[in-house]
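Right, one structure below, let's go through it.
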Amino acid sequence: MKRQTIKDVAKAAGVSAAAVSYAINGKEHKVSAETLEKIKDAMSELNYVPNYSARSLVNNRSNLIGIVIPQTEDMNHPLLENPFYSEIISGIEAELRNRGYHFILSGVNKGKSYLDTSMQRNLDGAIIMGIYHESFYEELKEINIPMVLIDSYIHDSYFRNIGIDDEEGGFMATRYLIGKGHSNIALATGMIKKDGVVEKRFLGYKRALKEAKLFYRPEFVYEGTMSYEYGVEAGRLIGEKHPEITAVFATSDMMALGVITGLSECGKRVPEDVSVIGFDDIAISKIFIPKLTTIKQNITRKGIKAAECLLDAMNGEDAELPKEIILPLEIVERNSVRDISE
């Protein structure tokens, strides 16, 4: 079937080819509302799809954004198996679509170059999640496109950063358990790597214990992969080897749900025998049994904000915006924590 062209649309709409070009290249203000409606009707009738490759050559813009999710642990799980990524990408996609952009999603395995092929496809900008302060980030600057980081503790004026106060979040979770009368509190966490999200939450855990004059016990720290599967393993170990532990802070909801499962497999009930608090407030935490008490961050809003900041930077509208945006946290109380203080 012959591919429809701008001339075909113009002929069907009874307007000039220039008017059609304005309509599909973001210059709708140059045509009347009536003309624009005719063009839209003609495009629909002809099933016309703009040639974005040709447009990018003319405008030097591809309307294409790269989203990169580095795999920072030795795991090989599908990217979107983790609901956190699904929710944050939903926010990014919604904002990009509303502004006329598309995206390429790329996972990068641990130890591989972040200069993936997706980063070289004439992208207008990129959003990168959870990178560490390693040599690769200097390479990112060579690409010379606007970039926004999500959940990174790289402090470099070249990048804009969207995140939360992870150390404060870890403190909030642990202090909450202490306030419910718990003193033997375990930590289930991903790999504690310097200047990473997990390390900050771990430091918050330690700070809350110190403020409450409770001893930090390294044997109560279960450090593995940030996954449901490791959460199950940690829950089993806690249930089998540490009957004195009455509460667990898991540094992600997926780990927390795994901990609950592992404890259950050992005959431990949550929250009757062991309380569990998570971090993130992913959608499944509301429907899991028991419903999970957690530190809530607005994941979708984080994605939307990252897309907004990137598009503003691409359009030169970010001069007055801060380089770092920290979004709020709150505790959501559900059914997985028991008060033993009474």
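Read-outs throughout are calculated quantities, based only on the coordinates presented, and are distinct from any laboratory measurement. Given the structure is predicted, the values throughout are model-derived calculations rather than measurements. Heads up, the Cβs are rebuilt from the backbone with ideal geometry, glycines too, and the neighbour counts pull from every protein chain shown.
Couple of notes before you dig in:
- In the structure shown, the pairs 194/296; 206/302; 213/323; 291/323; 286/323 are assessed against 31 Å; a Cα-Cα span above that value is assigned to 213/323; 291/323; 286/323.
- Straight-distance crosslink candidates among aspartates and glutamates, where the alpha carbon sits under 15 Å from residue 268 and sequence neighbours closer than 8 are dropped: 233, 240, 244
- Listed by Cβ neighbour count within 10 Å, with the fewest neighbours leading, 102, 182 appear as 102, 182.
- Here each label is just a point 7 Å from Cα along the line to Cβ, and for residue 340 and residue 291 those points are 2.4 nm apart.
- Cleavage-rule hits (chymotrypsin sites (Phe, Trp or Tyr not before Pro)) in region 155-234: DSSP loop, at most 14 neighbouring Cβ within 10 angstrom: 158, 215, 216
- The count of lysine pairs in region 6-50 that are at least 8 places apart or cross chains, and whose C-alpha atoms lie under 17 Å apart, stands at 8.
- A simple rule links phi to the HN-Hα coupling: the Karplus curve 6.51 cos²θ - 1.76 cosθ + 1.60 with θ = phi - 60°, which for region 180-197 gives 8, x, 8, 10, 9, 10, 8, 10, 10, 8, x, 4, 8, 10, 3, 6, x, 4 Hz, with x for Gly and Pro.
- With semi-axes defined as the square roots of five times the eigenvalues of the C-alpha gyration tensor, the equivalent ellipsoid of region 166-297 measures 19, 16, 14 Å, largest first.
- Subtracting the Cα-Cα distance of residue 217 and residue 327 from their residue separation scaled by 0.36 nm leaves 36.5 nm.
- Candidates per GluC sites (Glu not before Pro) in region 192-280, loop by DSSP, up to 14 other Cβ within 10 Å: 244, 272
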